[in-house]
Amino acid sequence: MIVKSLAKVNWAGLKNLNTLDPDEQDKQILICKANTATVLPQLMAFFSSNIKLIREVGEDAAPNPYQDKGAFLPWEEKDVIVDTTPARGLINIDKTLQAFVDKIHAGKGYFDSGENVTLDIFTGMLRLCALDPRGKVLPIKTIQLKSTRYAVNVPLFYSAFKEYRDVGYEEWDWANASTRALAITLDPRTAAIIQLRVHGLGIDISNDELLLLRENARIIRSGAKEGNLRNPQSVTSVYGAAELNPEFNKLHTTVKVMLCQLWIFMPCFRHKLGLYSVTNLDEYPADIVADEVFITKAAPTYSKNNTTSDLPWEI
């Protein structure tokens, strides 16, 4: 079935996506997977054009690192009104979600086609953005390393505002967001990166040490190809890290791969909407390798993690 309108997707059926078994998940998201090229871009545009971002203001507001960018756009039901007051704080995730939920309860949430957006529909949209593994919604040909717009290091919900409204990831108040709000808007892997942005890496490690871990992870240790090197874009785990650096090995798998610049985190695959650093979510880290290019097509592999949490507006 070809979907030309977001309103045609059974979003309400995705509300409890995080509690379904894998087979039932596949059935529920089948139409989204079949229409990835249409559904995801439309969903990103829907978020960016319908959700008003609530920034903290006042003397106690957290400083906004992007304050010198000037005005931000508070998106209303029908018209775009430019507030000429400079942004004075970070975006409160819980209040932003709640504001749109209140809008839905007031009967003012609409698709472009005119149909009403219900709370179940909005919840289903967010569940899809937080789905892990992302391969459940993206066809393999889409998630291969030729295109990384929707790769696993892109926080889908938040990427909508960065792509369409130039709202950086550093503008969100991650430190004060509730667990419920983060669980409904982030998949476990992007959440792992962002949590380290808030709390810090916890270890000191140099680029030379990361390079050693990286090259060690590429060595094939058994089988007919023992001693050969894996293509870096196909390495989805830092093999051998437990022996070389036990403290580093305690980090989340995705974080370790990101720090070693393997898989989709290789410099040649960087996308402006991806996460690549735990010190600044909007910046690229220094390259630990030079002049490395895409070698062969390699389909990423994934671990099975599920997010379960109460909804942030159901307290």
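Details
- Residue that is modelled with the lowest pLDDT [pool: residues in segment 2-17 that are outside any helix (DSSP H, G or I) and either touching a Leu at 6+ places or on another chain (Cβ under 8 Å) or over 14 Å from residue 130 (Cα atoms) (or both)]: 2
- Pairs linking a residue in segment 79-104 that is more than 17 Å from residue 182 (Cβ to Cβ) to a residue that is at pLDDT below 50 and crowded, with 19+ Cβ neighbours inside 10 Å, with Cβ atoms under 7 Å and 6 or more positions apart or on different chains, are 83/72; 87/72.
- Test for residue 254: is it outside any helix (DSSP H, G or I) and under 24 Å from residue 187 (Cα atoms): no
- Test for residue 103: is it outside any loop (DSSP other than H, G, I, E, B), touching an Asp or Glu at 6+ places or on another chain (Cβ under 8 Å) and of a type outside the set (Val, Ile, Thr): yes
- Subset of segment 186-217 (residues that are within 26 Å of the chain's Cα centre (by Cα) and of a type in the set (D, E, K, R)): 187, 189, 197, 204, 214
- Selected residue [part of a helix (DSSP H, G or I), touching a strand residue (DSSP E or B) at 6+ places or on another chain (Cβ under 7 Å) and of a type in the set (Ser, Thr, Tyr)] from 158, 164: 158
- Against the criterion of being in contact with a Cys (Cβ under 8 Å, 6 or more places away or on another chain), at pLDDT 95 or above and not polar (S, T, N, Q), residue 238 qualifies.
- Neighbours by Cβ (under 6 Å, 6+ apart or cross-chain): first from segment 216-229, closer than 17 Å to residue 260 by Cβ; second among the hydroxyl-bearing types (Ser, Thr, Tyr) and surrounded by 10 or more Cβ atoms within 10 Å (Cβ to Cβ): 217/239
- Of the helices (runs of 4 or more DSSP H) lying entirely inside segment 170-244, those containing at least 2 residues that are within 30 Å of residue 93 (Cβ to Cβ) span 179-185, 188-199.
- Qualifying positions in segment 17-41 - within 23 Å of residue 160 (Cβ to Cβ) and in contact (Cβ under 8 Å) with a residue 60 or more places away in the chain: 17, 18, 25, 29, 32, 33, 36, 37, 40
- Check on residue 115, farther than 26 Å from residue 153 by Cβ, at pLDDT below 80 and surrounded by fewer than 21 Cβ atoms within 10 Å (Cβ to Cβ): no
- Criterion (within 20 Å of the chain's Cα centre (by Cα), in a loop (DSSP other than H, G, I, E, B) and modelled with pLDDT of 90 or more) met by exactly one of 97, 53, 40: 53
- Any hit, segment 169-189, residues being among the charged types (D, E, K, R), crowded, with 22+ Cβ neighbours inside 10 Å, touching a residue at least 24 places away in the same chain (Cβ under 8 Å) and touching a Cys at 6+ places or on another chain (Cβ under 8 Å): yes
The values are calculated or read from the model by the stated rules, or taken from the named source; none is laboratory data. Here the structure is a predicted model, which is why all the values come from computation and not from measurement. In this analysis, Cβ positions are derived from the backbone assuming ideal geometry, glycine residues included, and neighbour counts consider all displayed protein chains.
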